[in-house]
Amino acid sequence: MLRVGLTGGIGAGKSEVSRLLVDCGAVLIDADRIAREVVEPGTPGLAAVVEAFGADVLTEDGRLDRPKLGSIVFADRERLAAVNSIVHPLVGERSRALEEAAEAAAEDAVVVHDVPLLTENGLAPLYDVVVVVDADPATQLDRLVRLRGMSEQDARARMAAQATREQRREIADLVVDNDVPLAELRRRVREVWAELARRAHTE
């Protein structure tokens, strides 16, 4: 089994790259999706978030109001660290269980962990290969505002709360440059997949 850490700044196109890798045959473990699951209504994760931040971070139907929580924590590093200390251990536990299931299914599986904060949390040593999806900050900002409907202020705050472009590239074994049309991105991802598959068979 080859353990791959996939990361990239918000708006860099990491989710698209992860989807393309799955199309190629990768097993995806999506930390963002798991992070949503561990704070679903009725979970210990959501109870811990409410205890730390108050019931104001809930919607009327008792679900986590992620945009509201995001507006709080991405402007305050201490509060961001507080929510991460609640969610990250729960995500790690669930991710390990999914990885064990993938390894049991195929010894040469390529398991891609989609981890937005891989760089920030110093997680690179946990993976056999680190793939960084990279884009110009201006491209990231445009995507967040135009495609996700964020205000420019919120988009800049979220970008500033993450590692720099240089810090991400420094830990990368492979880089997918994503300032390109989708057809070219597909070609680049296929090249990355060929290398990952090669390593999975030789390691």
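When both bridge partners sit in the chain, DSSP labels roughly 5% of those beta bridges antiparallel. Our estimate of slack between residue 19 and residue 59, defined as 0.36 nm per intervening residue step minus the Cα-Cα distance, is 11.4 nm. Surface analysis of the range 1-151 yields an accessible area of 49 Å² per residue, using protein heavy atoms and a 1.4 Å probe.
For the residues 124, 55, 109, a GNM of the chain with alpha-carbon springs under 10 Å puts the largest fluctuation on 55.
3J(HN,Hα) along the range 8-17: x, x, 4, x, 7, x, 4, 5, 5, 5 Hz, from the Karplus curve 6.51 cos²θ - 1.76 cosθ + 1.60 with θ = phi - 60°, whole Hz, x for Gly and Pro.
So how much slack lies between residue 166 and residue 36, counting 0.36 nm per residue of separation and subtracting their Cα-Cα distance, in nm? Could the numbers behind the result be given before it?
Numbers: separation 130, 0.36 × 130 = 46.80 nm, distance 2.84 nm.
Stretched out fully, the residue 166 to residue 36 stretch lengthens by 44.0 nm.
Between the alpha-carbon centers of the range 68-122 and the range 177-203, tell me the distance in whole angstrom. Value for the Cα centre distance between the two parts: 23 Å.
For the pair residue 101 and residue 153, a Förster radius of 30 Å applied to the C-beta separation gives a FRET efficiency near 0.15, rounded to the nearest 0.05.
Amide H of residue 130: which non-local residues (sequence gap of 5 or more, or other chain) have their own amide H closer than 5 Å, using H built in the peptide plane? The answer is 5, 173, 174. Between residue 180 and residue 194, the modelled labels are 1.2 nm apart [label points 7 Å from Cα along Cα→Cβ].
Among the GluC sites (Glu not before Pro) in the range 89-142, those placed in a DSSP loop whose Cβ has at most 15 other Cβ atoms within 10 Å are 107. Using alpha carbons only, how many degrees (0 to 90, rounded to 10) separate the axis of helix 44-53 from the longest principal axis of the chain? That works out to roughly 50 degrees.
The values are calculated or read from the model by the stated rules, or taken from the named source; none is laboratory data. Being a predicted model, the structure only gives us computed values, none of them experimental. All Cβ positions, even for glycine, are placed from backbone atoms using ideal geometry, and neighbour counts span all protein chains on display. Ligands, DNA and RNA are excluded from the accessible area calculation, which covers all protein heavy atoms including side chains. Shrake-Rupley method; radii C 1.70, N 1.55, O 1.52, S 1.80 Å.
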